1. Return the tail of the calculated pair distribution for the chain, meaning the percent of Cα-Cα pairs more than 30 Å apart.
2. Select from 105, 235, 175 the residue farthest towards the positive end of the dipole of the chain; place +1 on Cβ of Lys and Arg, -1 on Cβ of Asp and Glu, and compute about the Cα centre.
3. Given the rule -39500 (n - 2.57) for each run of at least 4 DSSP H residues, summed and divided by the residues of the chain, what is its mean residue ellipticity at 222 nm, to the nearest 500 deg cm²/dmol?
4. Taking 1 over the mean of 1/r across every pair of different Cα atoms in region 184-282, what Kirkwood radius in Å do you get?
5. Within region 212-241, list the residues whose amide N lies under 16 Å from a label point set 7 Å along Cα→Cβ of residue 27.
6. Compute, for the chain, the length of the dipole vector about the Cα centre, with Cβ point charges of +1 (Lys, Arg) and -1 (Asp, Glu) only. Units Debye, rounded to 20.
7. Using a 7 Å offset from Cα along Cα-Cβ at residue 124, what residues in region 258-281 end up with backbone N under 19 Å from the label point?
8. Using label points projected 7 Å from each Cα along Cα→Cβ, tell me how many nm separate residue 255 and residue 64, to one decimal.
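Nothing in this text is a laboratory measurement; each read-out follows from the coordinates by a stated rule. The model shown is predicted, which means the values in this text are computed figures rather than measured ones. All Cβ positions, glycine included, derive from the backbone under ideal geometry; neighbour counts span all protein chains shown.
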Amino acid sequence: MKILFMINLFFKGDTNSMDNALQERLMQYLNSTNNDDTYHKIIIIVLNIKEKVSKMSITEFSDMCFVSPSTITRLCKYFGCESFPIFKSECRSIGKNSKFSLFRLNKDDFQTLKNSPQKFMENYTDIISSTVRNISNDIDYEQIDNLLTEIHENDDVHFYGYSTSETMIDILQMGFLNSGKLVYNEKTEIKQLQSARELSENSLAIVVSCFGNYMSIYPDIIKEILNSKARLILLTQNNNFTDCGMYDQVISISKNTNKETGTYALLLGVEYIVRRYSVLYS
């Protein structure tokens with residue numbers, strides 16, 4: 001049943017998230033490779049002249065990068081584009097996120113930020129404070145303890161995330177390790193995909209996603225996790241997340257989803273999780 005829901009979802013999903021998928025992949029690769037790597041060099045060119053790239057032929061672009069057209073074709077496929085024209089098309093969206101959606105602020109907030117930065121910070125910190133104060137009442141403590149029991153008893157626990165969630169997974173991994181528990185955290189999309197393919201029905205896969213949109217950005221990874229029959233859990237702060245039947249369990253840290261400060265809510269939940277594990281199992 002989960003597979004059927006999954007197939008339907010893959011071709012819908014979050015449009016903005018899909019538009020940003022190439023950007024996310026390129027930045028992951030750029031941040032995890034050396035300057036002398038061929039794709040690394042090409043990515044730098046793409047990011048610096050992305051508008052020009054969208055108007056070039058594959059021959060023109062390959063000449064600029066001092067590589068063959070076949071190298072460019074392989075690069076396109078490596079980053080999820082079937083052809084250079086598709087790659088060019090997706091390049092147009094790089095860095096084009098609306099500042100309102102990127103920072104999750106409305107026009108009034110930006111006007112305040114522009115004209116009265118101190119007032120903006122006062123308002124913003126008030127929202128953060130309110131969000132943080134509510135977490136102690138929102139967390140389902142028994143649910144978290146049950147999750148920690150699952151993590152403690154499973155020898156093959158893998159975390160999946162992207163962007164700010166990667167930082168939270170780092171906190172989880174180090175926190176668990178300091179309590180004597182090894183969990184796995186693959187940093188790039190390629191490594192996460194490989195990890196997902198190696199899962200078994202005895203594995204535990206935990207997606208950390210502030211707004212629950214990991215599945216729309218990385219559907220191939222979710223597909224592999226589902227195919228493995230591993231237990232799949234979503235850890236989020238998005239109380240309004242609609243579970244389409246893919247996750248075995250959805251754990252929401254907050255009862256009041258806040259698009260502006262949700263990251264703080266999830267971070268606080270993560271900090272609680274590693275501390276609670278420490279007192280239970282160290």
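1. On the way: 15490 of 39621 pairs.
In whole percent, the share of Cα-Cα pairs in the chain beyond 30 Å is 39.
2. 105
3. Details: 17 runs with 173 residues, N = 282.
Value at 222 nm, helices only: -18000 deg cm²/dmol.
4. Numbers: mean 1/r = 0.0697 Å⁻¹.
Computed over region 184-282, the radius equals 14.3 Å.
5. 213-214, 217-218
6. 880
7. Under cut-off, by backbone N: 258-268.
8. In this crude label model, residue 255 to residue 64 measures out at 5.4 nm.
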